[in-house]
1. So how much slack lies between Ile105 and Asp12, counting 0.36 nm per residue of separation and subtracting their Cα-Cα distance, in nm?
2. For an R0 of 22 angstrom, estimate the FRET efficiency from the Cβ-Cβ distance between Arg85 and His113 and round to the nearest 0.05.
Amino acid sequence: LYMNQVTEEVPDLNMLVFVDEAARDECTVSRRYGCSGRGVHCSVQRPFIQGMWYSIIPVITLDRIIAYDIVEGPIDTERFLKFLREQVRWMPFTNPYPGPWSVVIMDNCLIHHGKDVCHLVEDNHHK
């Protein structure tokens, strides 16, 4: 149903802009599961690391990354809105619908559901 709606509203793939966030810390590359021989207990020794947490918010088109921000700590609604206002809204790639790069695709993350995010996208005549 979702994909059908996107294909109805997006006749040209160059209209799509994807916004998402990701995070990394020192524990990100640690394995959570392992394997061992039959009858041998699987164990792993790793140091407890509670280090810096970095988050990235990229804006991606089909061709390239057109904007991004790397911050220390998690992304909350306020920081996400600030990124959209400062990095995305005023950049020359934001065009009114149905122009190129006019449809913003985000996942179902809680910080994407705020009325301020919807107003920001709709005020620029994006979908």
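1. Here the segment from Ile105 to Asp12 would lengthen by 32.1 nm.
2. The pair Arg85/His113 has a calculated efficiency of 0.80.
Coordinate-derived values only; no laboratory data. All values reported here derive from a predicted model rather than from experimental measurement. No Cβ is skipped: glycine too gets one built from the backbone with ideal geometry, and neighbour counts run over all protein chains shown.
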